[in-house]
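**Student:** One structure coming up, written as structure tokens, with questions to follow.
The values are calculated or read from the model by the stated rules, or taken from the named source; none is laboratory data. Everything numeric here is computed off the predicted structure, so don't read it as measured data. Cβ atoms come from the backbone with ideal geometry, glycine included; neighbour counts cover every protein chain shown.
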């Protein structure tokens, strides 16, 4: 196996940070949601709100764990991690373009550029070599 490219390490560290943020952000609603749902003076809307808060918290925790798993896969040179990163990047570009056209907020261009760079980088020779997508030429 070839040496891990520096860019993969940077992407992985950023994914770890993002995953931890998602994880810790999702834990709070898991504690608050049940408190809202079981309030003795609550009505149906309040109980439903508590349930939605719990679902949102679970979603954030799952996304955080998934981000940590994918970042581990990237660090270890797993092909599936590269594929998932590419899929997430393409989806993020589509969402950013939709957000850009609907809100006319030019800050979404930053997301398009960042994820575009990630996609480009994932197709460079050294990255494909690291993930075993191409064979190393004999020396």
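**Student:** Within the set of pairs 6+ apart or on separate chains, which have a first residue in region 9-20 that is at positive phi and surrounded by 13 or more Cβ atoms within 10 Å (Cβ to Cβ), a second that is modelled with pLDDT under 95 and not in a helix (DSSP H, G or I), and C-beta atoms under 6 Å apart?
**Tutor:** none
**Student:** When residue 53 is evaluated against the numbered criteria (1) touching a helix residue (DSSP H, G or I) at 6+ places or on another chain (Cβ under 7 Å); (2) closer than 30 Å to residue 6 by Cβ; (3) surrounded by 15 or more Cβ atoms within 10 Å (Cβ to Cβ), which criterion, by number, is the only one it fails?
**Tutor:** With (1) touching a helix residue (DSSP H, G or I) at 6+ places or on another chain (Cβ under 7 Å); (2) closer than 30 Å to residue 6 by Cβ; (3) surrounded by 15 or more Cβ atoms within 10 Å (Cβ to Cβ) applied to residue 53, the lone miss is (2).
**Student:** Do you know which residues across region 103-127 are in a helix (DSSP H, G or I) and surrounded by fewer than 14 Cβ atoms within 10 Å (Cβ to Cβ)?
**Tutor:** Within region 103-127, 103, 109, 110, 113, 117, 120, 125 qualify.
**Student:** When you go through 5, 29, 34 one by one, which is the residue that is more than 15 Å from the chain's Cα centre (by Cα) and under 15 Å from residue 119 (Cα atoms)?
**Tutor:** Within the list 5, 29, 34, the selection yields 5.
**Student:** Got a sec? Which of 25, 83, 2 is closer than 23 Å to residue 128 by Cβ and modelled with pLDDT under 95?
**Tutor:** Just one listed residue meets the conditions, 2.
**Student:** Out of 92, 81, which single residue is surrounded by 17 or more Cβ atoms within 10 Å (Cβ to Cβ) and under 17 Å from residue 5 (Cβ atoms)?
**Tutor:** Of 92, 81, the one residue that is surrounded by 17 or more Cβ atoms within 10 Å (Cβ to Cβ) and under 17 Å from residue 5 (Cβ atoms) is 81.
**Student:** Is it the case that residue 53 is assigned to a helix (DSSP H, G or I) and either modelled with pLDDT of 90 or more or within 24 Å of residue 118 (Cβ to Cβ) (or both)?
**Tutor:** In short, no.
**Student:** Looking at 64, 73 in this structure, which one is part of a helix (DSSP H, G or I), within 23 Å of residue 13 (Cβ to Cβ), in contact with a helix residue (DSSP H, G or I) (Cβ under 6 Å, 6 or more places away or on another chain) and at pLDDT 95 or above?
**Tutor:** Unique residue meeting the criteria: 73.
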